[in-house]
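The values are calculated or read from the model by the stated rules, or taken from the named source; none is laboratory data. This structure is a prediction, so every number in the text was calculated from the model and none was measured. Note that each Cβ is placed from the backbone with ideal geometry, even for glycine, and that neighbours are counted across all protein chains shown. Ligands, DNA and RNA are stripped out before the accessible areas are found, and what is left, the full protein with its side chains, is counted by its heavy atoms. Shrake-Rupley method; radii C 1.70, N 1.55, O 1.52, S 1.80 Å.
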Amino acid sequence: MRQIPYVMAINEAFAEEMARNDKIFIIGEDVQAGTFRATTGLVKRFGPDRVMDTPLSETVVAGAALGASMCGYHPVADFMFADFMWCAADEIFLKTAKWHFIHGGKVQVPIVLFGNIGGGARVGPEHSQCPESVVWHTPGLKLVVPSCAGDAKGLLKTALRDPNPVVYFYHKRLLGLPGDVPDGEYTIPFGVADVKKEGKDVTVIATSYMVQHALAVAKELEGKISVEVVDPRTLEPFDIDTIVKSVQKTGRVVIADEDTKRCGVTGEIAMQIMEKAFDSLDAPIQRVAAANLPIAGGYMEQYVLPGPKDILAAIEAVAKK
Amino acid sequence: MKLGKKELIMLYTNLLRARRADERIVKALQEGKVVSFYHSGQGSEAVGVGACSFLRNDDYLYPHHRGHGLAYILPKGASMKAHMAEHFGRATGMAGGVAGFHGVDPEHGIFGGGGTIGSQFPVSAGWGLGAKKNNRGQVVLCCFGDGSSNRGTLHEAMNLAAVWKLPIVWICENNLYAQFMPIKDAYPREDIADLAHGYNMPGVVVDGQDVIAVHEAVSAAVERARNGAGPSLIECKTYRYRSHSEGSADIAHAEPRPAEEIEAWKKRDPIKLFQEHLLKEGILTTADVERIEKEVMAEVDEAEKFALESPRPDPSILPKLLYQE
């Protein structure tokens with residue numbers, strides 16, 4: 001199979017879906033240039049009416065996408081850094097997420113809210129967050145967190161066909177990572193977790209960039225501890241069944257996610273396992289997540305964010321119990 | 001557009017419909033029939049009625065929240081019955097009884113409303129973008145109050161709309177107070193319309209008690225927008241007779257609103273002024289006035305009866321409403 005970088009897989013998904021559906025347009029700051037290259041080149045093919053550079057105004061980027069979606073369009077609101085979505089918190093969390101519901105289903109809001117997440121680039125506290133838990137906490141938003149090129153493309157294509165608001169978070173440390181991407185047309189359904197590596201001793205449930213770390217650690221442990229890596233791929237909808245199956249096999253669980261630990265993704269997944277598979281657990285669940293601190297800049301970043309060493313330690317701890 | 005007798009009587013009837021429906025909801029709330037809270041629009045009906053009585057069905061409207069939109073949405077074609085039923089928490093309400101008071105009627109270009117004041121600007125810019133992309137000559141009326149004008153959302157949306165020449169008419173219902181905050185202590189100039197100059201668009205001040213003046217100013221801005229010339233801002237100077245919301249204190253900062261101020265504005269009641277004008281011009285007779293009053297009261301009675309007799313929503317619909325299939 002051909003291999004292309006994660007961000008080029010995203011770019012391909014945009015191009016294919018925009019060719020397929022002329023109601024799709026991208027709106028945001030510098031989307032014609034493409035700050036992370038996710039949208040680079042699309043303006044040449046689809047024109048400035050479908051790849052729309054806005055003034056520096058995140059609030060109205062979100063509002064414009066919301067409004068246009070109700071007029072029959074399928075906008076992609078590109079926030080550049082996911083951190084910048086906070087500037088449009090009302091539009092996203094109070095409006096986009098809720099308006100279909102609170103208006104009795106009488107309006108449709110098909111929107112992709114597109115943001116780059118993650119640390120590892122030492123760009124400080126307001127360009128490095130993974131605000132997954134806040135999105136997942138909010139009823140009405142679907143949430144996609146692809147960990148590899150193939151998933152990035154297939155899931156974005158599905159997002160661009162979904163009649164609901166979908167938050168699509170792509171990780172900055174994955175941008176250049178090559179991965180298998182099929183040649184022809186394909187999509188990946190939401191709510192279907194993927195077992196990225198089979199194993200029998202410990203289940204590691206990992207999201208986004210943490211999947212790549214988990215796979216590297218699993219390889220390192222080969223011959224000592226057999227690690228199964230499960231990637232939920234979408235947090236909303238969430239495929240708890242695949243996770244429960246894995247937990248029933250291994251009895252030992254590590255959950256790795258880059259968002260803040262407190263009230264975070266790892267806690268929610270751990271509790272769902274408790275509710276559905278408590279009797280299968282042979283040891284307390286271990287969580288790997290960002291410290292309950294703002295993401296520090298410079299050399300201090302690594303002391304806040306989780307990394308492969310933390311995953312390794314958690315696997316070893318849970319395997320011994 | 002020069003208004004004939006038929007149009008003038010329609011404007012008068014819409015003013016009365018908005019006023020009587022508002023009075024009925026206030027009464028129903030006092031009687032325990034209204035589930036939610038209520039922000040009366042009595043006193044400022046000429047703004048909505050003057051702005052919305054001659055729009056196209058497919059024009060988009062974000063109503064001002066006073067009267068929970070009554071003076072705007074009734075002239076736009078929305079149902080008084082459905083508005084009342086929503087407030088009574090019934091399945092026949094505008095949002096099926098799920099919103100409580102946020103009105104929605106997509107067939108008349110009303111796509112919903114929010115609870116955060118000032119959030120109408122960004123989403124209206126989006127409707128303006130949708131209208132421009134549709135290229136069918138639709139316009140957006142985005143209505144807001146003096147309080148909303150303090151929000152930063154105004155700047156982002158008005159700036160984008162001006163740069164992209166979106167077909168939007170921004171209508172400010174300046175009733176002098178944001179809940180308990182006098183506008184003179186929240187804005188450094190006399191006219192909110194002055195903001196328009198910063199966005200290179202027309203800014204007009206009109207007497208918000210004069211339904212014809214509002215109509216004429218809005219019509220000119222609507223034509224301009226339909227013709228692709230971009231947005232305009234119209235500030236309507238008006239007043240609200242009742243407190244911010246039913247049951248809240250009627251105060252400015254922490255002191256009572258001046259009684260003489262309220263009385264002075266009531267002397268310029270928009271319905272009274274327009275009725276006097278129509279009687280003087282011979283458009284209406286006193287018999288017509290009585291007949292219209294009866295017809296409007298019958299509509300209000302029917303709306304309340306409809307609401308009271310409608311069922312509550314089935315709670316099992318809630319999980320199904322989260323996502324569109």
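Taking beta carbons within 10 Å but only from partner chains, what does the mean come to for residues B:315-322? Walk me through the numbers on the way to the answer.
Values: counts 0, 0, 2, 1, 2, 2, 8, 8.
Across the residues of B:315-322, the mean count of other-chain Cβ atoms within 10 Å is 3.
Can you give the average number of partner chain beta-carbon atoms within 10 Å of each beta-carbon in peptide B:149-161, as a whole number? Please list the in-between numbers first.
On the way: counts 0, 0, 2, 3, 7, 0, 3, 13, 6, 1, 5, 9, 2.
Per residue, the number of nearby Cβ atoms from other chains is 4 on average.
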### Query
If amide H atoms are built 1.01 Å from N in the plane of the peptide, which residues on other chains or at least 5 residues away come under 5 Å of the amide H of residue A:81?
A:116
### trypsin sites (Lys or Arg not before Pro) within the range B:110-168, DSSP loop, no more than 12 other Cβ atoms inside 10 Å
B:136
### Task
Using only Cα atoms, locate the centre of the range B:113-186 and the centre of the range A:243-281, then give the distance between them in Å, rounded to an integer.
45 Å
### Query
What figure in square angstrom, to the nearest 10, would you give for the accessible area of residue B:299 with a 1.4 Å probe?
60 Å²
### Task
Please list the non-local residues whose amide H lies under 5 Å from the amide H of residue A:119, H modeled 1.01 Å from N, same-chain partners needing a gap of 5 or more.
none
### Message
Given the options A:15, B:317, B:232, identify the residue whose Cα lies farthest towards the positive end of the charge dipole of the protein assembly as shown (+1 on Cβ of Lys, Arg; -1 on Cβ of Asp, Glu).
### Response
A:15
### Message
Given a 1.4 angstrom probe, I'd like the percentage of the accessible area of chain B that is carbon and sulfur, rounded to a whole number.
### Response
54 percent
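Heavy atoms only, 1.4 Å probe, whole protein assembly: order B:31, B:293 by accessible area, highest first.
Ranked list, largest accessible area first: B:31, B:293.
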### Task
Quick one: order A:84, B:274 from most to least accessible surface, probe 1.4 Å.
A:84, B:274
## Note on the structure
With the dipole of the protein assembly as shown defined by +1 on each Lys or Arg Cβ and -1 on each Asp or Glu Cβ, the option from A:269, B:174, B:44 whose Cα lies farthest towards the positive pole is A:269
### Task
Roll a 1.4 Å probe over the protein heavy atoms and report the accessible area of residue A:188 in Å², nearest 10.
20 Å²
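For the range A:3-180, report the % of Cα-Cα distances exceeding 29 Å. Don't skip to the answer; put the middle values down first.
Values: 1834 of 15753 pairs.
Counting pairs separated by more than 29 Å, the tail of P(r) holds 12 percent.
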### Query
Along the principal axes of its C-alpha atoms, what lengths does the range A:1-91 span, in descending order and rounded to whole Å?
43, 28, 21
### Summary
Among the DSSP H helices of chain B, those whose Cα atoms extend at least 18 Å along the helix axis and whose mean Kyte-Doolittle hydropathy is -1.0 or higher are B:5-30, B:120-134, B:211-226, B:286-309
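Where a ≥ b ≥ c are the square roots of the eigenvalues of the C-alpha gyration tensor, would you call chain B rounded, which needs a/c under 1.5, or, failing that, prolate if a/b is larger than b/c, or oblate? Don't skip to the answer; put the middle values down first.
Details: a/c = 1.25, a/b = 1.08, b/c = 1.16.
Rounded.
If the limit is 30 Å between Cα atoms, which of B:76/B:132; A:200/A:309; B:6/B:184 go over it?
Numbers: B:76/B:132 20 Å; A:200/A:309 21 Å; B:6/B:184 40 Å.
Violating the 30 Å limit, Cα to Cα: B:6/B:184.
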### Query
Reachable lysines from residue B:305, Cα under 18 Å, same-chain residues fewer than 8 places away excluded?
B:27, B:33, B:81, B:294
### Query
Suppose every K and R has +1 on its Cβ and every D and E has -1 on its Cβ; what is the size of the dipole of the range A:30-186 about the Cα centre, in Debye to the nearest 20?
180 debye
### Query
In terms of solvent-accessible area of protein heavy atoms at a 1.4 angstrom probe, what is the ranking of B:201, A:300, highest value first?
A:300, B:201
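What FRET efficiency would be calculated for the residue pair residue A:126, residue A:249, taking the C-beta separation as r and a Förster radius of 45 Å, to the nearest 0.05? Write down the numbers at each step before the final one.
Values: r = 41 Å, r/R0 = 0.91.
Result of the calculation: an efficiency of 0.65.
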### Task
Pick out, in residue order, every one of the trypsin sites (Lys or Arg not before Pro) in the range B:28-89 that is DSSP loop and has at most 10 other C-beta atoms within 10 Å; say none if there are none.
none
### Query
Which of A:250, A:216, A:234 sits closest to the plus end of the dipole of the range A:204-268, meaning its Cα is farthest towards the positive end, when Lys and Arg get +1 and Asp and Glu get -1 on the C-beta?
A:250
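How large is the convex hull of the Cα atoms of the protein assembly as shown per residue, expressed in Å³ as a whole number? Can you show the working numbers first?
Numbers: hull volume 106.2 nm³, N = 646.
Value for the protein assembly as shown: 164 Å³ per residue.
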## Note on the structure
Reported to the nearest 10 Å², residue B:212 has, with a 1.4 Å probe, an accessible area equal to 40 Å²
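Placing +1 at every Lys and Arg Cβ and -1 at every Asp and Glu Cβ, with all other atoms neutral, what dipole size does the range A:227-316 have around its Cα centre, in debye to the nearest 20? Could you put the intermediate results ahead of the total?
On the way: 9 positive and 15 negative charges, 36 e Å.
Roughly 180 debye for the range A:227-316.
Considering only the range B:5-310, what is the antiparallel percent among its DSSP beta bridges, to the nearest 5?
Values: 5 of 25 bridges.
Here the antiparallel bridges make up roughly 20 percent for the range B:5-310.
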### Task
Straight distance only, please: which aspartates and glutamates reach the Cα of residue A:321 with their own Cα at less than 14 Å, same-chain residues fewer than 8 apart left out?
A:201, A:282
### Message
So, for chain A, what is the accessible surface per residue at a probe of 1.4 Å, expressed in square angstrom?
### Response
37 Å²
### Message
Please report Rg (one decimal) and Dmax (integer) in Å for the Cα set of the range A:175-301.
### Response
15.3, 44
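Compute the relative contact order of chain A as a whole-number percentage, counting only Cα pairs closer than 8 Å that sit 6 or more residues apart in sequence.
Values: 738 pairs, mean separation 52.4, N = 321.
Computed value for chain A: 16 percent relative contact order.
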### Task
With +1 on each Lys and Arg Cβ and -1 on each Asp and Glu Cβ, and nothing else charged, work out how big the dipole of the protein assembly as shown is about its Cα centre, in Debye to the nearest 20.
680 debye
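Work out the P(r) tail for chain A: percent of alpha carbon pairs separated by more than 30 Å, whole number.
Tail fraction, whole percent: 32.
Partner chain Cβ atoms within 10 Å, averaged over the residues of A:73-82 - can you pull that number for me? Please list the in-between numbers first.
Numbers: counts 5, 0, 3, 0, 1, 0, 0, 0, 0, 0.
That works out to 1 on average.
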